[in-house]
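A short worksheet on the structure shown next.
The values are calculated or read from the model by the stated rules, or taken from the named source; none is laboratory data. Computed from a predicted model, the values in this text were never measured in an experiment. Note that each Cβ is placed from the backbone with ideal geometry, even for glycine, and that neighbours are counted across all protein chains shown.
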Ligand code: 13P
């Protein structure tokens, strides 16, 4: 795999009007989502739910790639066809979450560092054989009066960069995901400077590890008010501040920035992305989506674990996918 091929995959993932579906919830996370609608998290239910999403008719018009969880990349549908083959036949690029989750950071029990570097080279090789073409690693930063600590910022940046280097070595595009959480009562200005500090540390480490920026995608949080902040910034302010932070911190060589939704209501996540693309500032990178909850909340509810609801679940998914596709070009109305 050459650097040019990595860049080609990265660019395909942010083709105009296309974005990524993050369907890589770990088993405990998908259980939490299923609990909310009263479905048992069995292997069969997880497979049927994800099969419904991946086979939504025409999804590839809006969705360039899907991030899978380890279980899903090995699963076949009830009729025996591998889920990954179904995606490939639709022209959807398969990706895989490769981190092993956020664990308490040494000497900083309130903070987390993402683990998973041990044995990663072998796992990446296997995922490439299974058909994955891109990967994801998520680092998590909490905002309080004294967090994130310099230790948290440094440890996570180092992990993200070492992961990205290994992924590129295996011929897989790394999605680099530093997520500053929206939990807390901090204002949007605090989110802004912490996001910038985090992004600067991540790109400094990517540079030390000699990661090819043309062959990555960045998956950041938006710059947004804390969930419990009494003053909630409006759509235009979120768009303006997010784009300003990205311009300050993200090199022009990066082909695309695909936001996480992070707990924003699905419609709000669409409006924010749309407003950024409407700014029309001649940005060097594409701005698109790699949403989990903002794409899945509606179809999960519509499906509710019943085979008879598959068509309405798919309709709900396609509605969100289409709206975000429009937002990725600033044409959502
Ligand atoms: P959300 O859009 O639900 O934040 O999920 C995106 C994701 O992939 C988190 O790692």
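Taking region 7-31 as the range and being within 13 Å of the ligand (Cβ to nearest atom), part of a loop (DSSP other than H, G, I, E, B) and in contact with a strand residue (DSSP E or B) (Cβ under 7 Å, 6 or more places away or on another chain) as the test, the residues that pass are 23, 24.
Selection of first residues in region 282-297 that are within 12 Å of residue 323 (Cα to Cα) and at pLDDT 95 or above and of second residues that are more than 9 Å from the ligand (Cβ to nearest atom) and assigned to a helix (DSSP H, G or I), restricted to Cβ pairs under 6 Å at least 6 apart or on distinct chains, gives the following pairs, ordered by first then second residue: 289/273; 289/324; 294/266; 295/320.
Taking every residue in region 86-108 that is on the phi > 0 side of the Ramachandran plot and pairing it with any residue that is assigned to a strand (DSSP E or B), at least 6 positions away or on another chain, the pairs with Cβ-Cβ distances below 8 Å are 101/114. For region 252-291, the tally of residues that are in contact with a strand residue (DSSP E or B) (Cβ under 7 Å, 6 or more places away or on another chain), more than 12 Å from the ligand (Cβ to nearest atom) and more than 17 Å from residue 318 (Cα to Cα) stands at 9.
Regarding region 105-127, can at least one residue be identified that is part of a helix (DSSP H, G or I), at pLDDT 95 or above and over 22 Å from the mean Cα position of the chain (by Cα)? Scanning region 105-127 turns up at least one residue that is part of a helix (DSSP H, G or I), at pLDDT 95 or above and over 22 Å from the mean Cα position of the chain (by Cα). I'd like to check something: does region 220-232 contain any residue that is assigned to a loop (DSSP other than H, G, I, E, B) and without any contact (Cβ under 8 Å) to a residue 24 or more places away in the chain? So far as region 220-232 goes, yes, one or more of its residues are assigned to a loop (DSSP other than H, G, I, E, B) and without any contact (Cβ under 8 Å) to a residue 24 or more places away in the chain. If only residues of region 88-111 that are in contact with a strand residue (DSSP E or B) (Cβ under 6 Å, 6 or more places away or on another chain) and within 13 Å of the ligand (Cβ to nearest atom) are counted, the one that is nearest to residue 18 (Cα to Cα) is 95.
Do the conditions hold for residue 163, that is, is it at pLDDT 95 or above, in contact with a helix residue (DSSP H, G or I) (Cβ under 9 Å, 6 or more places away or on another chain), crowded, with 20+ Cβ neighbours inside 10 Å and closer than 14 Å to residue 117 by Cα? Write out each step before concluding.
Working: at pLDDT 95 or above: yes; in contact with a helix residue (DSSP H, G or I) (Cβ under 9 Å, 6 or more places away or on another chain): yes; crowded, with 20+ Cβ neighbours inside 10 Å: yes; closer than 14 Å to residue 117 by Cα: yes.
It is true that residue 163 is at pLDDT 95 or above, in contact with a helix residue (DSSP H, G or I) (Cβ under 9 Å, 6 or more places away or on another chain), crowded, with 20+ Cβ neighbours inside 10 Å and closer than 14 Å to residue 117 by Cα.
Quickly run through region 207-219 and pick out the residues that are touching a strand residue (DSSP E or B) at 6+ places or on another chain (Cβ under 7 Å) and either in a loop (DSSP other than H, G, I, E, B) or surrounded by fewer than 24 Cβ atoms within 10 Å (Cβ to Cβ) (or both). Talk me through it step by step, then tell me what you get.
Narrowing region 207-219 to residues touching a strand residue (DSSP E or B) at 6+ places or on another chain (Cβ under 7 Å): 215-219.
Answer for region 207-219, where residues must be touching a strand residue (DSSP E or B) at 6+ places or on another chain (Cβ under 7 Å) and either in a loop (DSSP other than H, G, I, E, B) or surrounded by fewer than 24 Cβ atoms within 10 Å (Cβ to Cβ) (or both): 216, 219.
Report, by residue number, each residue of region 300-333 that is within 23 Å of residue 38 (Cα to Cα) and within 13 Å of the ligand (Cβ to nearest atom). Matches in region 300-333: 300, 320.
Of all residues in region 292-311, those being out of contact with any strand residue (DSSP E or B) (no Cβ under 7 Å at 6 or more places or on another chain) and not in a helix (DSSP H, G or I) number 3.
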